[in-house]
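Below: the structure, in structure tokens.
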Amino acid sequence: MTLSDGYPTETIIGLEVHVQLKTQTKLFCSCSTRFGAPPNTQICPVCLGLPGALPVMNERAIDLAIRAGLAIDCSIPPMTKWDRKQYFYPDLPKGYQISQFDLPICADGFLDITDEADPVKTRRIGIIRAHLEEDAGKSMHDEATGRSDSRIDLNRCGTPLLEIVSHPDLRSASEAKEFLAELKLRMTHLGVSDCEMQEGSLRVDANVNLHIDVDGKKVATPIAEIKNMNSFRAVEHAIEHEVDRQYDAWEETGKTIEDEAKTTRGWDDAKGKTFLQREKEESADYRYFPDPDLLPIRIPQQRVDEAKANLGELPAELCQRLQTQYGIKLYDANVIVKQGRELIEYFEEAATKSGDGKRTSSWIQQDVMRTLNETQANIGEFAVTAQQLGDLLQRVTRGDFDNARARDVFTHLLKTNDSVEDAIKSLGIEAVDSNEIEVLCRELLDANPQVIDDVKNGKQQAVGALIGQAKKKNANANPKQVRETLLQLIEQS
Amino acid sequence: MLDSAQEVLQLQSRGDATAVEIATSAMDKIEATQGSINAFTHINRELVLSTAEAVDQKRRNGEPLGPLAGVPVAVKDVLCTRDMPTTCSSNMLRNFRPPYDATVVEKLREADAIIVGKTNMDEFAMGASTETSAFGDTRNPWDVSRTPGGSSGGATACVAAGTVPLSLGTDTGGSIRQPSGFCGVTGLKPTYGRVSRYGLIAFASSLDQVGPIGWSVQDVALLLQCIAGYEPRDSTSLNHEVPDYQAALQSNDLRGMKIGILSEALDVDGVDEAVRNAVLASAEVFRDAGAEIIDISLPHSKYWVPTYYVIAPSEASSNLSRYDGAHYGHRATQLAPEKSESLGPLVATYCQSRAEGFGAEVKRRIMVGTYALSEGYADQYYNQALKARRLIKGDYDAAFSQVDLLLGPVSPTPAFPLGEKVDDPLQMYLCDLFTVGANLAGIPAISLPAGKDASGLPLAIQLQAPALEETRLFFAGAAYQAMTDFHKLRPDTFQP
Ligand SMILES: [Zn+2]
């Protein structure tokens, strides 16, 4: 990019993303990982770090980490281990965090994102590594009481996290956002994580600096690590702001990466600014060493192969298949895929039954998703089964009745346990034979002769009023059929 | 009566004594010797008697009884007990009551043993004399001016004083075997992973192991039988079936067994002549029992102590980070204003809580370990020590390809006077000269009484076996005790 009045610059961004793995229990004890429980109610001697308590690894977290790693094309080395990362903080009751230092569970992957310059192409963003670690607790500094009162909630302590570290391959704030969106889509699609930034199940730190081209000579600005961003939009804004800030700071002070160590900056969403948190990244010495309470983990190739086989389609492949198999547009395929595995399965079953992918897709995006939203329900417990929806839409496509009547059936199905057949019967829907339609249309034209003139003068839409009247006289009258019959009769008259 | 668990069991089954009578006698003796020996950090007569009463009630009701029914057992104060404080003999945990029992304590309760109290130790098990305890020294029942050894000094002294037949200690670098030797009792460090560490307050996690102490191999085997076994709560616990140890004690015939004698160890500077002679004499006993004695060497044994004193403090520095005054344990309340000012209240609280809560030896090891793990030094110290540890294990593997057991001394000297080494850490560390090898290699080792020196102090020998071969130690140990009476010697202070 080029700032309007300055030297050409290139933005260099690397992301560190913490993804909370969707396990029932914590990484090293059997406490629940449920979000939002009252403080300090999901704790035990192990996650409290009480003397004598010992960690026991949760195998499910290993499975999910392998799955996540495969989703971003990482290799899964045959041996990984646990290390202690040591520092003192009140929300870290053991005085160390169990993490992975030199042998992470996932290494050397990539994630392809859409190329902003050419949307039909993709750009490959390298992933350095992804390692497992336990989360710390939460310190709450309560200034409201007027005392410097700090409270600690250890519910989150020991929750499994996967820290994914990208290469500094991202070149703009919007690319960073795109990377996160794609990462979230894959992780949620594979059931690895909920990736809810608001709940802290996805956390992002961004390392940002600029390469400024000063008359052919590259100058790098000092790196800043930005923290406390709680939405994708915030990540984008924070980086945009930081890019401007760094350029201005460079213009003002001339300081380059040689002159200043990495700093840590927080993001203030309300002010729309990053602010200095730590002047110099103190070269913290975490004194990593292998945790003697836990054994190294051997991951046989067979386990990786099985995980690969069970991975299923990744979102991009799935979108592609939905387009070709059901004849829907990329946009619609994307919407469906983003809803997750259950809805995708629902769509596929309904579309197969109805034989009309487009109609099924539009019904799911409108009627089904709206109802789910309104009732805060899950597709798994939805009252209209995929078979029923398919059955219903098949009849519409066949011309048995129109969308409006189908919607009546759908509403009926939501409230009852009736089959589609029974619903249709109990609503009194039946096909009207063409003689009956013709009689009905003649009556209407006799009563409204001006419509004949209007149509003959080229105003075909004039028949619309009569279609409405026809439906009032006979709810089962198919509007399409009525319209065709009316136009035919007018032409003959 | 209280010097044999087997006898205590028989007395009850014959109806000659009740668990309450036995527990009362144990408590009387504990109270009588507490002033002179100071083996315990905590006792609770009422609790003990009510536990004993419950065992008697079970017996009267004809309910099934555990293998240690009514046997008084002392527990080292590094093992968590939900009904008694667990202090590690440290001011840091002076008022700490764990909300749970250590697995070994649970197993004692399941076996219907009577836990009489918690025994004194070096603070956080760091020491070889029980002098670093925040609850005062424990004294050796054979000579109260001398140390019982450490860190499980209370655990061995309470047995030697005749207050209980059995006790549980822990051994990180010799902390069961050296005090067993100093107090003339039998003590076993099991294979690493044989006994669950859950609820054992960690000193050095890769070396710590809980083990039994008693007068005889039979009693020690009986207690190991109750506490050994795989446990999922300890990831390092070994998933191997526990053999029937008593079955190993049926024969004194050591024919076909090869015992390697570590002669080099006997020539090391500072090894007492009496210690040397005791080892050589025991070799003759084993030979008489039919064993073949072969001279053997462990080439890297000179690196044992340096390796141990890097790995153990490194792990300790990490394990003891949790004692920061924030969640439990000692918290400094009166912060020095200048510290509070310069460090901020949080860091000042950490620093001062730890400064007040820990004793000198614990601080020394935390500092050594922190240094050894620091960036730029880890390769020189910690990582180097890990390499040495592999070589040390390799020595043992090579030795055990030639022999079934290794015979050698436990400590260079018998019990030394209190105060002699407490201000000289390096001298104190040399107490571990012959014991840390077994911890570094994770193998089992037993200390057996082997007579008295000229001043009447107990002498001891050590047998070491390959991993999970406790049976072999019991087999040879029982044969030795069948042919000698050293384990029947009692100090003058012994409470009959
Ligand atoms: Zn827990």
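The mean sequence separation of alpha-carbon pairs under 8 Å and at least six residues apart, normalised by the residue count of chain B, gives a relative contact order of 18 percent. The base-10 log of I(q)/I(0) for the protein assembly as shown, evaluated at q = 0.10 Å⁻¹, reads -1.14 [Debye formula, identical scatterers on Cα atoms, solvent excluded]. Give the cross-link partners of A:LYS22 among the lysines, using a straight C-alpha distance below 17 Å as the criterion and excluding same-chain residues fewer than 8 apart. Those lysines meeting the cut-off are A:LYS184.
Quick note on region B:157-289: its Rg to Rh ratio, both from C-alpha atoms and Rh being the Kirkwood radius, is 0.99. With a point put 7 Å past each Cα toward its Cβ, work out how far B:ASN95 is from B:LEU426 in nm, to one decimal. Taking the simple label geometry, B:ASN95 and B:LEU426 are separated by 4.2 nm. Cut-off under 19 Å on the C-alpha distance; same-chain residues fewer than 8 positions from B:LYS393 excluded. Which lysines are left, in chain and number order? Within reach: B:LYS189, B:LYS302.
For region B:306-368, what does the relative contact order come out to in percent, with C-alpha contacts under 8 Å and a separation of six or more? Dividing the mean separation by the residue count of region B:306-368 yields 44 percent.
Peptide packing for B:22-33, B:163-174, B:458-469 was compared via the average number of neighbouring C-beta atoms within 10 Å per residue; ordered from the highest value, the list is B:163-174, B:458-469, B:22-33.
The distance separating the Cα centre of region B:134-208 from that of region B:3-17 comes to 25 Å. Structural descriptor for region A:9-298: relative contact order 24 percent, calculated from alpha carbon pairs under 8 angstrom and at least 6 residues apart. Straight-line reach from A:LYS255: taking Cα to Cα under 24 Å and skipping same-chain neighbours fewer than 8 places apart, the lysines in range are A:LYS217, A:LYS218, A:LYS227, A:LYS273, A:LYS280. Looking at region A:429-477, the GluC sites (Glu not before Pro) that sit in a DSSP loop and have at most 16 other Cβ atoms within 10 Å of their own Cβ are A:GLU430.
Please report, largest first and rounded to whole Å, the three semi-axes of the ellipsoid equivalent to region B:24-160, where each semi-axis is the square root of five times an eigenvalue of the C-alpha gyration tensor.
Details: eigenvalues 143, 56, 27 Å².
Ellipsoid half-lengths, sorted descending, are 27, 17, 12 Å.
A Stokes-Einstein calculation at 10 °C with viscosity 1.306 mPa s, built on the Kirkwood radius of region B:251-355 over Cα pairs, returns a diffusion coefficient of 84 µm²/s. Using only the alpha-carbon atoms of region A:313-426 as identical scatterers, what base-10 log of I(q)/I(0) does the Debye formula give at q = 0.14, 0.22 Å⁻¹? The calculated log intensity ratios at q = 0.14, 0.22 Å⁻¹ are -0.53, -1.24.
Calculation over all alpha carbon pairs of region B:305-415 in 10 angstrom steps from 0 returns a P(r) of 13, 28, 27, 19, 9, 4, 0 percent. Panel values: chain B, Kirkwood radius from alpha carbon pairs, Stokes-Einstein at 37 °C and 0.692 mPa s, translational diffusion coefficient 146 µm²/s.
Among residues other than A:THR411 whose Cβ falls under 15 Å from its Cβ, what is the net charge (Lys/Arg +1, Asp/Glu -1)? Overall, the nearby charge balance is -2. What the Cβ-Cβ distance of B:LEU346 and A:SER419 gives, at R0 = 60 Å and to the nearest 0.05, is a FRET efficiency of 0.35. I'd like the mean, over residues of B:314-327, of how many other protein chain beta carbons sit within 10 Å of each residue's own Cβ. For peptide B:314-327, the averaged partner shielding equals 6.
Principal axis analysis of the Cα atoms in chain A yields extents of 94, 61, 55 Å, listed in decreasing size.
For region B:305-369 and region A:225-295, compute the distance between their C-alpha centroids and round to whole Å. That distance is 31 Å. Entry for region A:434-492 at q = 0.21, 0.24, 0.30 Å⁻¹: log10 I(q)/I(0) = -0.69, -0.91, -1.43, Debye formula applied to identical alpha-carbon scatterers, no solvent contribution. Peptide B:365-373 shows a mean partner chain C-beta count of 2 within 10 Å per residue C-beta.
Any read-out appearing in this document is the output of simple, stated calculations on the displayed coordinates, not a laboratory observation. Given the structure is predicted, the values throughout are model-derived calculations rather than measurements. Ideal geometry is used to build each Cβ from the backbone, glycine not excepted, and the neighbour counts take in all protein chains shown.
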